[in-house]
1. Which numbered condition trips up Ala273, out of (1) at pLDDT 95 or above; (2) of a type in the set (Gly, Ala, Ser); (3) under 20 Å from the mean Cα position of the chain (by Cα); (4) loosely packed, with under 14 Cβ neighbours inside 10 Å?
2. Could you check segment 458-473 and list, in sequence order, the residues that are surrounded by 15 or more Cβ atoms within 10 Å (Cβ to Cβ), touching a residue at least 12 places away in the same chain (Cβ under 8 Å), of a type outside the set (Ser, Thr, Tyr) and part of a helix (DSSP H, G or I)?
3. Kindly evaluate His78 against the criterion of being in contact with a Leu (Cβ under 8 Å, 6 or more places away or on another chain) and at pLDDT 95 or above.
4. Criterion first (in contact (Cβ under 8 Å) with a residue 40 or more places away in the chain and within 18 Å of the chain's Cα centre (by Cα)) does Asp309 satisfy it?
5. Pull up segment 1-42, narrow it to residues that are modelled with pLDDT of 90 or more and among the charged types (D, E, K, R), then point me to the one that is nearest to Val486 (Cα to Cα).
6. All but one of (1) touching a helix residue (DSSP H, G or I) at 6+ places or on another chain (Cβ under 7 Å); (2) under 26 Å from Ser56 (Cβ atoms) hold for Pro418; state the number of the condition that does not hold.
7. Would you confirm whether or not segment 25-43 contains a residue that is surrounded by 22 or more Cβ atoms within 10 Å (Cβ to Cβ), under 14 Å from the mean Cα position of the chain (by Cα) and hydroxyl-bearing (Ser, Thr, Tyr)?
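The values are calculated or read from the model by the stated rules, or taken from the named source; none is laboratory data. Being a predicted model, the structure only gives us computed values, none of them experimental. Cβ coordinates were reconstructed from backbone atoms using ideal geometry, including for glycine residues, and neighbour counts include every protein chain displayed.
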Amino acid sequence: MAANKSYSIVEYFGGDDGYRCGYCKNQTGNFSHGMWSHAMTVQDYQDLIDRGWRRSGKYVYKPIMNQTCCPQYTIRCHALKFQPTKSHKKILKKMSKFISSGELPKGQDDGEPMDSVCEDPGLREPNKVRHPELKSAAITDVQKEVAERPAMTEVEKDVADASTTGSETSRTDAVTVIEGRMVPPKPGVGADPSRPPCRKAKDVRKERRLQKGQARQHGDGVSSTVSPPQPAPTPNNQAKSLEEFISESMPDNSSHCLEVRLVPVNFEDPQFAASYDQSAALFARYQMAVHGDDPSECNESQFRRFLCDSPLEAESSPDGPEMGYGSFHQQYWLDGRIVAVGVIDILPTCVSSVYLYYHPDFASLSLGSYSALREIAFTRQLQKQSPKLSYYYLGFYIHSCPKMRYKGQYRPSDLLCPETYVWVPIERCTPKLDNSRYARLNQDADAGDARVLKDVGRALVLYRRTVMPYAAYSRKRRGSSDESEVQQYAGLVGQDCAERILLYRS
């Protein structure tokens, strides 16, 4: 029996009539399919984003690629193979200079949008939720009922493992200290074994700084810290790793102290609760200053719905990251106050970036790009704990919108083919997208969707607190007129997810 097993529960809305596009400002040109997720397992969401879906709060949407004005292609970066570009190094050096000298650079950033992982359609809220609150107790009851009926819910799980080469898994240049575990630099070997190992003065200063930060952390009682990555030595004939550049951006003798703290999105977590008001106020300030929102559009309830209400249920696994899977906020604390927050989902094969907001006074620091680089380094650290977790998802790449092309600079990266759902290196995609906004990216003309819907009757539905295959539901509801809607939904999520996710039927 599958005890304590969680199940995803969704309501499908069908396709939109067209709404305002946040990229080209077309008032009715943005088309997508949407569904409300009352609960979602991390594996189901992983499989959904690998079919072009993306969440905004609990709303999960999939652009209708061949209709929408600005086609949005899911993009992922191979975190283990990533090397910072010249512009990325410039951003890290800019941060280093600021922390060291205390002076903000003049002017704006170098051309990349500061909300580098922000998706404009995210603040849209559907008004079609037929059952807006399947209470958590009811969901738990349903999940218990399902667990007691293994014959109905045992579905073969064919998850295509993201290909990770041996050279990727054996890399040792990504050493990040997370969740408050401070790892000081390794001592050298002294010439005289009877004397203490020799240590560089720089390493001694770095350890003292870490110890001070740790003491300050325990003193204010706020949260665990994602410390600056401690890179392994790089041979002289090799390029510096991302971790080395990030470490250099955190100088020893500095005017400012920057800490990155990872907190789970959970109101029962004291670290999240303690920083909630400050984080919500920062979100409102960012939305009004950067996006021109009205105060009513970015109040506390909007913040909670958009960036705190997540359908993902926290999960842990023996071979997973130590903080588990689920939704998190990476908070950037500068001298004791939050100046930026990166909202991320930690999933079985990736870290998925959800949103980034920051204090407008620090726009010149390119915090969007800086946080993306930190999140790539964070992904590389998690891969050491969970070998399959090796990708960094930046959301959507929009080639038809020039200001959104910067995501393609985090390479090597792939775009998701909207017809076959296979990953294609971005270098092979851009020539096609130069010629057409929408393109089938897979060059194999005979290739198809490996998880194409084959039998809608096997899709699971939740009807009157009972889980059943759609075929049984159809017999029970003679004359039911929803077959075309269920067929569309199941085709969009794919056969595997259709047999695992519970589709709510009223």
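1. Going through the list (1) at pLDDT 95 or above; (2) of a type in the set (Gly, Ala, Ser); (3) under 20 Å from the mean Cα position of the chain (by Cα); (4) loosely packed, with under 14 Cβ neighbours inside 10 Å, Ala273 breaks only (3).
2. Arg458
3. No; evaluated as a whole, the condition is false for this residue.
4. Spelling it out, Asp309 is indeed in contact (Cβ under 8 Å) with a residue 40 or more places away in the chain and within 18 Å of the chain's Cα centre (by Cα).
5. Here the answer is Glu11.
6. Tallying (1) touching a helix residue (DSSP H, G or I) at 6+ places or on another chain (Cβ under 7 Å); (2) under 26 Å from Ser56 (Cβ atoms), Pro418 fails exactly one: (1).
7. The answer is no; no qualifying residue exists.
Table: residues versus (1) of a type in the set (Phe, Trp, Tyr); (2) within 18 Å of Ile338 (Cα to Cα); (3) touching a helix residue (DSSP H, G or I) at 6+ places or on another chain (Cβ under 8 Å).
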site: Glu268; (1), (2), (3): no, no, no
site: Gln271; (1), (2), (3): no, yes, no
site: Tyr286; (1), (2), (3): yes, yes, yes
site: Arg304; (1), (2), (3): no, yes, yes
site: Leu307; (1), (2), (3): no, yes, yes
site: Ser310; (1), (2), (3): no, no, no
site: Ser316; (1), (2), (3): no, no, no
